[in-house]
Amino acid sequence: MAIEHLKRSKPEAEKAEDDAKVRAVVETTLSDIEQRGDEAVRDLSKKFDNYDPKAFLLSDSEIEAAMQKVSTRDMDDIKFAQTQIRRFAEAQRASMTDIEVETLPGVILGHRNIPVQSVGCYVPGGKFPMVASAHMSVLTASVAGVPRIVASAPPVDGAPHPAIVAAMKMGGAHEILCLGGIQAVGAMAIGTESLDPVHMLVGPGNAFVAEAKRQLFGRVGIDLFAGPTETMVIADDTVDAELCATDLLGQAEHGYNSPACLITNSRKLATDTMAEIDRLLTILPTAETASTSWRDYGDVIVCDTYDEMLSVADEMAYEHVQVMTDRDDWFLENMTCYGALFLGPRTNVANGDKVIGTNHTLPTKKAGRYTGGLWVGKFLKTHSYQRIVTDEAAAMVGEYGSRLCMLEGFVGHAEQCNIRVRRYGGRNVPYGAAAE
């Protein structure tokens, strides 16, 4: 294999050191919320957001006042995006059916898809108030039929962000909080004097929010580990450097630690793209952020073959994968580890982030090896049930069950089966023995 790194991101050891610092802060903060409840949440909000309202839960009048500040054009754009996202989520929901099947005469097995009963949806604010994240979590939970949807986003310029509030309300949120960071996800998961805890947390966030979700997993469910945005461009000489550089920097502007990677079999495209990135960084308004990400977390990898490109891409398992080659469908058929694919030069990650209809909350840090992104199915729990409706089936299954329980030494288990063999099969099975 001839795989050459023309540019590498900073060493894994340095990244791990950063992660360890975040872990310690989050652990201390969550413990504080658990012990002091609303008081801790308020102190954290004042410290990090300089925000100290009478209540973090917005009233109906506050929600209405915020929505009145959204321009007609912005409101129409939000409605358009939500229509696309709702259509796809509804189609996904329709693909998930309850089943019931008679596997043996008199033996009925089935499953039901039941919505999670309460969900906390976090919407990031900070440098970039992510209106689109409200669609992705709140609206999708609503399509799934979640009966209690709590949505939270940090204040922007000392007040709830009008467009985020509008997107939350129109998406179907039942409770809307103006609260950010660890204090938001901690309050929703742990609960406080003024907020009942939820059963599940979803939504992206900064490194502290992502780590808080990781530490809270088990107490509540989470959608997935949504760390810093990652973008990968897989390209050959069917496209040019300007397109590749634009797609890489378009996601690198998310934060100072957003990985961006080019995988190509064209050395010329690789070197031209690096030069084009340098040029674009002189004119991009968000260059301060994007340049730091590219410097510390950018990779350029040149491969000899498409098979090598596929192998490297699957090993890295990036969140967004933009494929622009002469064989895009081949990558679709053969890639196994990623968040979402964006196929062909007409497609781009920003459309997926904001409007096209797929969900933008996607696995990062190689989580694409074991999970897909947020979708309507994440809000549904598939629960099985079983029913035996004839005496003959109860006795017959009971005999097998009795012997298999005794094989493992579970005598009490075996007796659950034996009593059915005696009552419904008329068999004289000695207590504590396996059915013959």
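The values are calculated or read from the model by the stated rules, or taken from the named source; none is laboratory data. Owing to the predicted nature of the structure, the values given are computational and were not obtained by experimental measurement. Positions of Cβ are generated from backbone atoms using ideal geometry, with glycine treated the same way; all protein chains shown enter the neighbour counts. Just the protein is used for accessible areas: all its heavy atoms, side chains included, with ligands, DNA and RNA removed. Shrake-Rupley method; radii C 1.70, N 1.55, O 1.52, S 1.80 Å.
General observations
- Condition met for THR282 (out of contact with any helix residue (DSSP H, G or I) (no Cβ under 7 Å at 6 or more places or on another chain), closer than 23 Å to LYS10 by Cα and in a loop (DSSP other than H, G, I, E, B)): yes
- Residue, most open to solvent (accessible area, probe 1.4 Å), within region 353-382, restricted to residues that are among the charged types (D, E, K, R) and more than 30 Å from LEU104 (Cα to Cα): ARG369
- Odd one out for ASP196, checked against (1) within 22 Å of the chain's Cα centre (by Cα); (2) open to solvent by 10 Å² or more (accessible area, probe 1.4 Å); (3) farther than 16 Å from SER133 by Cβ: (1)
- Pairs where the first residue, in region 62-90, is touching a residue at least 12 places away in the same chain (Cβ under 8 Å) and farther than 20 Å from ASP353 by Cβ and the second is assigned to a helix (DSSP H, G or I) and charged (D, E, K, R), C-beta under 8 Å, 6+ apart: ILE63/LYS169; MET67/LYS169
- Single residue of region 406-436 satisfying the filter (farther than 22 Å from THR390 by Cβ and modelled with pLDDT under 95) that is surrounded by the most Cβ atoms within 10 Å (Cβ to Cβ): ALA434
- Pick from region 199-238, criterion under 22 Å from SER258 (Cα atoms) and among the charged types (D, E, K, R), ranking: most open to solvent (accessible area, probe 1.4 Å): ARG214
- Flag if LEU332 is assigned to a helix (DSSP H, G or I) and over 27 Å from ASP74 (Cα atoms): yes
- Tabulated pairs, region 410-436, first outside any helix (DSSP H, G or I), second of a type in the set (S, T, N, Q), C-beta under 8 angstrom, 6+ apart or interchain: VAL429/SER402; VAL429/ASN418; TYR431/ASN418; ALA433/ASN418; ALA434/SER402; ALA435/SER402; ALA435/ASN418
- Given (1) touching a strand residue (DSSP E or B) at 6+ places or on another chain (Cβ under 8 Å); (2) surrounded by fewer than 18 Cβ atoms within 10 Å (Cβ to Cβ); (3) aromatic (Phe, Trp, Tyr); (4) assigned to a helix (DSSP H, G or I), index of the condition TYR385 fails: (4)
- Scanning region 25-39 for residues that are farther than 16 Å from GLU211 by Cα and either in contact with a Ser or Thr (Cβ under 8 Å, 6 or more places away or on another chain) or free of Cβ contacts under 8 Å to residues at least 40 places away in the same chain (or both) gives GLN35, ARG36, GLY37, ASP38, GLU39.
- Cβ separations smaller than 7 Å between residues 6+ apart or across chains give the following pairs from region 266-283 residues that are modelled with pLDDT of 95 or more and of a type in the set (Asp, Glu) to residues that are open to solvent by less than 60 Å² (accessible area, probe 1.4 Å) and part of a helix (DSSP H, G or I): ASP272/ALA241; GLU276/ALA241; GLU276/ALA245.
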